[in-house]
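Following: one structure in C-alpha cells, then a few remarks.
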Amino acid sequence: MPKMKTFTLDQAHALLPVLQSLLKRAMDDKRVIQQVDKEFQDARHRILLSGGLSVDAPGLTQRRAERDRAMQDAKDALAEIHAVGVQVKDLDIGLLDFPCAMGDEVVLLCWKFGEDRIRYWHGQEEGFKGRKPIDERILRGKKREKPN
C-alpha cells in the first residue's frame, strides 16, 4: 500500500484557495443533481396520476442532460481533490481532511467550507465531532517543506 501523503499546516493552508473552489463546484453540482432528481420524482408522480397525458419530454431530456453534466463535473472536482491527497469527508457541509504527521502518528487537519483557515484537527478514528483546536503538536510540523 502506498504511503499516505501528509501535509504541514502551512502546506494545507496554501492549498485551500484551489481546494475551496473545487469543493464549491462539487457542492453546487450536488445541489443540481438533487434538484433534478426531485423534479424527476415529481414528474413520475404526475405521470402516474394523469396516465402519462401531460409529459414535457423535451424539458425532462434537457434536465437529464444537465444532471449528467453536473454528475461528471462533481466527479472531476472530487477526483482533483483526492489526487492532491486530501480527503473529502462530507460534501453536504463541505468537510475536508488533510493527513498530517504528528510525532509517530498521522492525524487529520480538519477544514469546513466557509472557515477562513484550518483551525482544528482530529485523530483518524474520531471524525468531525472529535475536532480539537490546532495546538503546538501540529505547529511543530511547520518546518517540513514538501508533502510526503
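The values are calculated or read from the model by the stated rules, or taken from the named source; none is laboratory data. Because the structure is a prediction, the values reported are computed rather than measured. Glycine gets a Cβ as well: all are built from the backbone with ideal geometry, and neighbour counts include every protein chain shown. Only protein heavy atoms, including side chains, enter the accessible area calculation; ligands, DNA and RNA are left aside. Shrake-Rupley method; radii C 1.70, N 1.55, O 1.52, S 1.80 Å.
Worth pointing out:
A quick yes/no check of all residues on (1) basic (K, R); (2) modelled with pLDDT of 95 or more:
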| residue | (1), (2) |
| --- | --- |
| R46 | yes, no |
| M71 | no, yes |
| D90 | no, yes |
| L108 | no, yes |
| F113 | no, yes |
| E126 | no, no |
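- Residues that are open to solvent by 50 Å² or more (accessible area, probe 1.4 Å) and of a type in the set (D, E) were ranked within segment 129-148; the one that is modelled with the highest pLDDT is E136.
- Among the residues of segment 31-47, the one identified as in contact with a helix residue (DSSP H, G or I) (Cβ under 9 Å, 6 or more places away or on another chain) and among the polar types (S, T, N, Q) is Q35.
Residues checked against (1) among the hydrophobic types (A, V, I, L, M, F, W, C); (2) within 18 Å of D10 (Cα to Cα):
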residue	(1), (2)
D37	no, no
A65	yes, no
G85	no, yes
D116	no, yes
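- Residues of segment 55-101 satisfying the condition of being farther than 20 Å from K38 by Cβ, of a type in the set (G, A, S) and free of Cβ contacts under 8 Å to residues at least 40 places away in the same chain: A79, A83
- Residue match in segment 2-22 (condition: touching a residue at least 24 places away in the same chain (Cβ under 8 Å), farther than 30 Å from I134 by Cβ and of a type in the set (D, E, K, R)): no
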